[in-house]
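These notes are about the structure you will find just below.
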Amino acid sequence: MAKHTFTRKLAAIALTGALSLTLLSGCVKNSYLVVGKQTVNMPVVMKVGSHNVSMEEYRYFYLNTKYQLDGGDDSVWEQEGADDKKELLRTHVEDTIKSNYALMDLAKEKGVSLTADERKSISDNLASIKENYESEEAFEEALAQNYLTEEVYLSMGEMSTLQQKLTEKLTGDGGEIPMGDDVVTQYVKDNYVRAKHVLITSATENAEQVANEVAQKAAAGEDFDSLISTYGEDPGMTQSPDGYYFTKNEMVAEFEEAAFALPENSVSGVVESSFGYHIIQRLPLDDAYIQENLSTYTSTYKTAKVYEQIEKVMDGYKVTYDKNYDLIDVDTVK
């Protein structure tokens, strides 16, 4: 049920995931933007505040996000709704890049920086990765598969370490963000919901009719777990029989909005999303569950609170674009 995380909150500060890649190259390619058969030179794609965003950096986020949206199937961009997807792609990439630079600027404001040893450790890690390849050609192939350059990798490594240090500064002993089990528990109670649902996928024959019948049964008081067992097509309900616990921007929008709007211990009508048709039951949060998962919620709380400060920096940025920026498209970025 979790949606693609193309939201400002979840896209930002996601640098460590990028660093799980173990494929790099120091090679620099010049034909990143090709329109027709002509290469367009765009060394700086945009300026975010005082920061120049290189084509190499922009390309990395653009092509990786594109792949998350289309799964490698370019025909997606010829289907209905493609223009909206393209706008989502651009917005997500821009917000991710802005959040990275906002992280840097916030860290500087808070007196957080990398030491020489930390920078050396990141460089040494790159050197170690290079040694794993038998040839320069294999190294370059790895680059082609992951849209990386050496400079982008090193930059992400520095961002990831900076993020960790900034979070420790703001949430550690004496930090300005309130911490403690009681604080995190209240944060969960204020920002999370718990919900079950019966999902009738769009592929089901007469899906909408079936969903309406299930909604009528639920409204009449039939046991909701029995309805899930009989009609439900979400395997996650088997894995999470007590329901999903989630906050904003973690689920597909229609499901999330309906769940948050429901009073506790009530059932929705039919809610349609890209997954199909949902009948949702909102349940009270379980205190024991929250305490059992408090370490996870503490990490989520830290990320959310640090991001609130990063977002304030982002909102203050002026963004300007290269004169050829509008040439950037799913079939021109290579």
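On inspection, Val28 fails the criterion of being hydrophobic (A, V, I, L, M, F, W, C) and modelled with pLDDT of 90 or more. Among residues of segment 117-131 that are in the same structural domain as Ala142 (by TED's automatic domain parsing), none has a Cβ under 7 angstrom from a residue that is loosely packed, with under 15 Cβ neighbours inside 10 Å and part of a helix (DSSP H, G or I) at a sequence gap of 6+ or on a separate chain.
When each of Ala138, Ala142 is tested for being in a helix (DSSP H, G or I) and over 22 Å from Glu57 (Cβ atoms), the lone residue that passes is Ala138. Scanning segment 308-334 for residues that are acidic (Asp, Glu) and loosely packed, with under 13 Cβ neighbours inside 10 Å gives Glu308, Asp315, Asp326, Asp331. Does Lys305 count as charged (D, E, K, R) and out of contact with any Lys or Arg (no Cβ under 9 Å at 6 or more places or on another chain)? When the stated conditions are applied, Lys305 passes them. In the set Glu257, Glu292, only one residue is at pLDDT 95 or above, out of contact with any helix residue (DSSP H, G or I) (no Cβ under 9 Å at 6 or more places or on another chain) and either surrounded by 18 or more Cβ atoms within 10 Å (Cβ to Cβ) or under 27 Å from Asp181 (Cβ atoms) (or both); that residue is Glu292.
The residue of segment 225-243 that is surrounded by the most Cβ atoms within 10 Å (Cβ to Cβ), among those that are more than 21 Å from Ala207 (Cβ to Cβ), in contact with a strand residue (DSSP E or B) (Cβ under 9 Å, 6 or more places away or on another chain) and of a type outside the set (D, E, K, R), is Gly243. Between Ala127, Ala138, Ala144, the distinction of being touching a Ser or Thr at 6+ places or on another chain (Cβ under 9 Å) and surrounded by fewer than 16 Cβ atoms within 10 Å (Cβ to Cβ) belongs to Ala144 only.
The values are calculated or read from the model by the stated rules, or taken from the named source; none is laboratory data. All of these numbers come straight from a predicted model, not from anything done at the bench. All Cβ positions, even for glycine, are placed from backbone atoms using ideal geometry, and neighbour counts span all protein chains on display.
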